[in-house]
């Protein structure tokens, strides 16, 4: 994607993400209760399909207005860009969910399982999108190669499709060709190779800069969105998150101590009540199994309570390191 396309895509991406957040707020979170997990996946998939459709139109326009000097390199770069766009958007969707208080508070075991299934479903959907657009990119590259062959065969009617920049390059190549004739065949090949190498290097550098710019823009959008949610109280800051994590850990630590104390009293009572032997051993064994089970339940509940808080801590720290 060229500079013009990147600018158009950045603006469109911001608009599409805003639309998605508004739709999720109105159709998934509007009830005031738990999020509507049945409606959520389809809304996200529709958003991804719309987003990729707009990306594809901008990408096709970039190939038409400013075709890559090396079709094979352009094909590889476009596929990498497509993979990056889908991966970054899936990450953005995950951040949106983590930054939404309704989702963060929805942390029962059943809810966590439901959200995990949705995440896996969206990853599979993302892979399907990649396969679909890889086919479209291959088709675009085949069309570009066919046009190159027609141009090399001398069809002048196809030349305008490559724009004024390509016309200038064609004039430069013609001059090099004449110089090559004067110097001999070896000189012609040399100038031709030099021009192709320079065009390829310029294309690679331009694409690299464009991707770096896009990453910066994505980072600024994320920072702006997080600041807004912090300012409006939708998110907790790092000190508040740390206090809440500490409070939760203390609560579950007390539960574990209460279990240990209860088991110790029961064990003492059994030893006093039952004579030493197989019967006492079996009773103590059952008591230990009960202790282990209770501890596992407490540990699992603690993990479920802390996951959303730690996810938010991680997001904040990643933003601070940018």
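The table for this structure:
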quantity: Any chance residue 67 is in contact (Cβ under 8 Å) with a residue 60 or more places away in the chain and closer than 30 Å to residue 143 by Cβ; calculated: yes
quantity: Unmet requirement for residue 9, which otherwise passes all of (1) over 24 Å from residue 114 (Cβ atoms); (2) touching a helix residue (DSSP H, G or I) at 6+ places or on another chain (Cβ under 7 Å); (3) surrounded by fewer than 20 Cβ atoms within 10 Å (Cβ to Cβ); calculated: (3)
quantity: Filtered residues of segment 267-286 (kept if surrounded by 14 or more Cβ atoms within 10 Å (Cβ to Cβ) and in a helix (DSSP H, G or I)); calculated: 267, 270, 280, 283, 284
quantity: Among the residues listed as 88, 43, 48, the single one being free of Cβ contacts under 8 Å to residues at least 60 places away in the same chain, in contact with a helix residue (DSSP H, G or I) (Cβ under 9 Å, 6 or more places away or on another chain) and closer than 30 Å to residue 112 by Cα; calculated: 43
quantity: Flag for residue 305 being surrounded by 11 or more Cβ atoms within 10 Å (Cβ to Cβ) and modelled with pLDDT of 90 or more; calculated: no
quantity: Lone qualifier among 296, 318 - being under 30 Å from residue 99 (Cβ atoms) and out of contact with any helix residue (DSSP H, G or I) (no Cβ under 8 Å at 6 or more places or on another chain); calculated: 318
quantity: Condition met for residue 38 (under 23 Å from residue 23 (Cα atoms), at pLDDT below 85 and in a loop (DSSP other than H, G, I, E, B)); calculated: yes
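Let's see how each residue does on (1) in a helix (DSSP H, G or I); (2) crowded, with 18+ Cβ neighbours inside 10 Å; (3) at pLDDT 80 or above:
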residue	(1), (2), (3)
60	yes, no, yes
69	no, yes, no
79	yes, no, yes
83	yes, no, yes
86	yes, yes, yes
94	yes, no, yes
119	yes, no, yes
125	yes, no, yes
135	yes, no, yes
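The values are calculated or read from the model by the stated rules, or taken from the named source; none is laboratory data. Quick caveat, the model's predicted, so the values are computed rather than measured. Positions of Cβ are backbone-derived with ideal geometry, glycine not excepted, and every protein chain shown enters the neighbour counts.
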